[in-house]
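**Q** To start, I am sharing the structure in question, which I have written as structure tokens.
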Amino acid sequence: MTEQGQPSPQRIGDAERDRAAELLREHMAQGRLTAEEFDERIEAALTARTASDLDPLFTDLPGPRPGQTVATTQPYPTPPWQRQAPASDPAPAPAVLPPRTGGAEALRGITGALWIIIPLTVSFVLPGGWQNFWWLIFIPIIISMVVGKSETERDRERKRIAHEQERLDKRRRALGD
């Protein structure tokens, strides 16, 4: 104790001086200190003997400061969707859409061509015109329905997956992760 009854200042070690120098480097990197200010403060930090010698170096800077510890909290629990399943219960494989094949694209191209070829053929090439061959128009209609149905199912599955992903994202945000 000193003569006035106040405790004597506590001496600091290399770890505290290094921590102060690290914090000053961070403040300079973020543009809070000029090169001259940094040089002055780093020299003072590296020659400091007590914690009170470091305090004036950080009075005009935001925290944390040497000697202060950043408050820590308990880590968040792992969200349910990131937890590993028990080894005895294998997780079901996620639904995977089959990749689009060249066949579907080719079928779409053929259907488009048929919508042009059949009416022209029936109108100008076949004898009797539409009276005898009107049923041919159902070929591109049926093909269009088949292609459209597969695309509709694929789109419906994509929407379902997107909706499920959105729901999981909302749940994750609600849990604070």
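**Q** So is Gly63 at pLDDT 70 or above and assigned by TED's automatic domain parsing to the domain that holds Arg160 or not?
**A** no
Quick grid of which residues meet (1) surrounded by fewer than 10 Cβ atoms within 10 Å (Cβ to Cβ); (2) in the same structural domain as Arg167 (by TED's automatic domain parsing); (3) touching a His at 6+ places or on another chain (Cβ under 8 Å); (4) modelled with pLDDT of 70 or more:
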{"site": "Leu33", "(1), (2), (3), (4)": "no, no, yes, yes"}
{"site": "Glu43", "(1), (2), (3), (4)": "no, no, no, yes"}
{"site": "Asp53", "(1), (2), (3), (4)": "no, no, no, yes"}
{"site": "Ala71", "(1), (2), (3), (4)": "yes, no, no, no"}
{"site": "Gln84", "(1), (2), (3), (4)": "yes, no, no, yes"}
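**Q** Assuming Pro92 fulfils every condition listed in (1) in a helix (DSSP H, G or I); (2) modelled with pLDDT under 70; (3) within 30 Å of Pro80 (Cβ to Cβ) apart from one, which condition is it?
**A** Failing condition for Pro92: (1).
**Q** Does Ile139 meet the test of being touching a helix residue (DSSP H, G or I) at 6+ places or on another chain (Cβ under 7 Å) and modelled with pLDDT of 75 or more?
**A** The answer is yes for Ile139.
The values are calculated or read from the model by the stated rules, or taken from the named source; none is laboratory data. Since the structure is predicted, the reported quantities are computational estimates derived from the model, not experimental observations. For neighbour counting, all protein chains shown are included, and Cβ atoms are generated from backbone atoms with ideal geometry for every residue, glycine included.
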